[in-house]
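J.: My questions will all concern the structure given below.
The values are calculated or read from the model by the stated rules, or taken from the named source; none is laboratory data. Every value quoted in this text rests on a predicted model; they were computed, and no experiment measured them. Using ideal geometry, Cβ is built from the backbone for each residue, glycine included, and neighbour counts are taken over all protein chains shown. What goes into the accessible areas is simple: the full protein's heavy atoms, side chains included, and nothing from ligands, DNA or RNA. Shrake-Rupley method; radii C 1.70, N 1.55, O 1.52, S 1.80 Å.
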Amino acid sequence: MKSWPAPFIPAIPGHGPDVRVHDTATGRLLDAADAERVGLYVCGITPYDATHLGHAATYVTFDLLGRALRDAGHQVVYVQNVTDIDDPLFERATREGVSWQDLGDGEIALFREDMTALAVIPPDRYIGVVESIDSISAAVADLLASGAAYALPAGDVAGTDVYLDLAQRPGFGAVSGWNRTQMQQVYADRGGDPERGGKRDALDPLLWRAARPGEPAWPHPVRGAGRPGWHIECTAIARDHLGIPFAVQGGGTDLVFPHHEMSAVQSEGLTGGSTYARCYVHQAMVGYHGEKMSKSKGNLVKVSVLRRDGVDPMAIRLLLLAHDHRSPWEYTPELLTAAQSRLARWREALSVTTGPAADEALHGIRAALADGLDSPAALAAVDQWVEQCLTAGGEDQAGPGILARACDALLGVRV
Ligand code: 5CA
Ligand code: ZN
């Protein structure tokens with residue numbers, strides 16, 4: 001699938017330190033890289049509505065990770081999927097009387113524009129589910145063949161649905177660390193079907209759904225026409241494009257369970273190995289009007305609408321970076337105003353001909369990012385330089401230029 005244009009990344013002096021990230025599975029700070037090449041898989045959009053600030057927060061957080069890793073000398077292989085086969089997309093298309101393909105294509109195009117405006121580095125592989133269907137159905141066939149999965153008669157139609165047998169998965173629970181009660185509380189709300197009769201375990205994830213009338217379907221080598229379940233889509237795409245294990249699985253905290261938990265145990269069933277990703281990194285939820293900002297609830301602040309209203313995308317980026325990725329926060333217009341003021345102040349200071357030397361601020365940005373992607377601390381390092389520049393000035397001729405390039409290269413903020 002076509003991604004979007006890569007932003008220019010200016011050169012800056014030196015290199016950043018090794019990057020450590022907060023791993024959800026262990027609760028520890030872990031090195032994001034264990035080799036020169038770092039495989040990063042970030043769960044992409046389900047394209048049935050426009051990019052909101054919650055999505056943008058997630059993609060900007062992982063963009064920051066990619067930038068810090070490159071600055072530390074690594075080669076990043078970044079894979080992102082597009083969930084262009086899933087219930088919410090089909091349901092919205094039916095409700096709006098449009099084809100799911102047209103709805104998806106339009107929203108993906110808008111997402112590309114939003115990401116380009118926000119200076120997010122595009123994935124090296126931007127992969128749709130539709131274009132991966134053969135590999136996904138082969139993964140389902142492999143799980144059936146090894147006995148890791150089982151088939152259930154669909155009941156309402158001819159054909160069978162296929163489920164993963166969680167009882168055979170010793171690693172189940174290792175990603176989220178949740179107990180069964182916690183899992184059961186959210187499973188139905190997050191795409192699961194605990195009420196489906198005949199499953200060996202109510203939490204067993206759907207791998208393949210037999211074709212139902214009115215739903216799109218693809219052939220399956222063993223089980224007849226249907227479509228894949230959500231989690232196996234990501235497992236197969238990550239396997240095909242990064243290999244398993246890979247370094248970092250990313251996404252919002254709403255994906256910790258079941259999505260990333262199931263992705264990992266399906267991988268265990270496919271490979272026999274227990275490690276899917278070495279680290280799981282999550283962006284906390286961005287809220288609005290007291291609830292998680294969500295397409296299904298409709299309480300959205302859309303990036304495209306802010307842009308249309310003339311908001312500088314760099315101010316949106318600063319709004320997002322002002323919050324640590326592990327802290328949930330709620331959007332208010334005041335926060336956007338504060339980000340706009342910060343951008344104006346940075347621009348004022350960084351356009352002077354001489355100012356303070358950039359060394360300390362550059363070191364501060366790098367240290368903050370390497371320490372678990374602490375974006376507020378990285379912004380504070382720039383703020384400090386800016387205050388000094390505007391109040392006391394400085395004689396360094398290179399300082400303002402170096403720091404401006406560092407803001408661009410490391411934070412993705414063009415000043
Ligand atoms: N297609 C699936 C992942 S395979 C999906 O979750 N799509 S999504 O469109 O619902 O979300 C896209 C990304 O944004 C996911 O990583 C999700 O975790 C993240 N996300 C969704 N809502 C929010 C929010 N309110 N705050 C922060 N991140 C969010
Ligand atoms: Zn995913």
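J.: What number goes with the only condition from (1) within 16 Å of the chain's Cα centre (by Cα); (2) open to solvent by 50 Å² or more (accessible area, probe 1.4 Å) that Thr235 does not pass?
T.: (2)
J.: Quick check, is Pro123 under 30 Å from Arg212 (Cα atoms) and in a loop (DSSP other than H, G, I, E, B)? Please lay out each step first, then the result.
T.: Values: under 30 Å from Arg212 (Cα atoms): no; in a loop (DSSP other than H, G, I, E, B): yes.
Against the criterion (under 30 Å from Arg212 (Cα atoms) and in a loop (DSSP other than H, G, I, E, B)), Pro123 does not qualify.
J.: Another question, if that's okay. Looking only at segment 74-85, how many residues end up being touching a helix residue (DSSP H, G or I) at 6+ places or on another chain (Cβ under 6 Å) and surrounded by fewer than 21 Cβ atoms within 10 Å (Cβ to Cβ)?
T.: 0
J.: With the requirement that a residue be open to solvent by less than 10 Å² (accessible area, probe 1.4 Å) and of a type outside the set (Gly, Ala, Ser), what does segment 127-164 give you?
T.: Correct list: Val129, Ile136, Val140, Leu143, Asp161, Val162, Tyr163, Leu164.
J.: Continuing with this model, one more query. I'd like the full set of residues that are surrounded by 24 or more Cβ atoms within 10 Å (Cβ to Cβ) and more than 13 Å from ligand 1 (Cβ to nearest atom), limited to segment 270-283.
T.: Just the residues of segment 270-283 that are surrounded by 24 or more Cβ atoms within 10 Å (Cβ to Cβ), to begin with: 276-277, 279-281, 283.
Within segment 270-283, Tyr276, Ala277, Cys279 meet the criteria.
J.: Only one of (1) open to solvent by 10 Å² or more (accessible area, probe 1.4 Å); (2) within 16 Å of ligand 1 (Cβ to nearest atom) is not met by Val175, so which one is it?
T.: That leaves (1) as the condition not met.
J.: Follow-up. Given segment 230-346, what helices (runs of 4 or more DSSP H) lie entirely inside it while holding 1 or more residues that are within 16 Å of ligand 2 (Cβ to nearest atom) and touching a residue at least 12 places away in the same chain (Cβ under 8 Å)?
T.: Values: elements: 230-242, 261-271, 303-308, 313-321.
Of the helices (runs of 4 or more DSSP H) lying wholly inside segment 230-346, those with at least 1 residues that are within 16 Å of ligand 2 (Cβ to nearest atom) and touching a residue at least 12 places away in the same chain (Cβ under 8 Å) span 230-242, 261-271.
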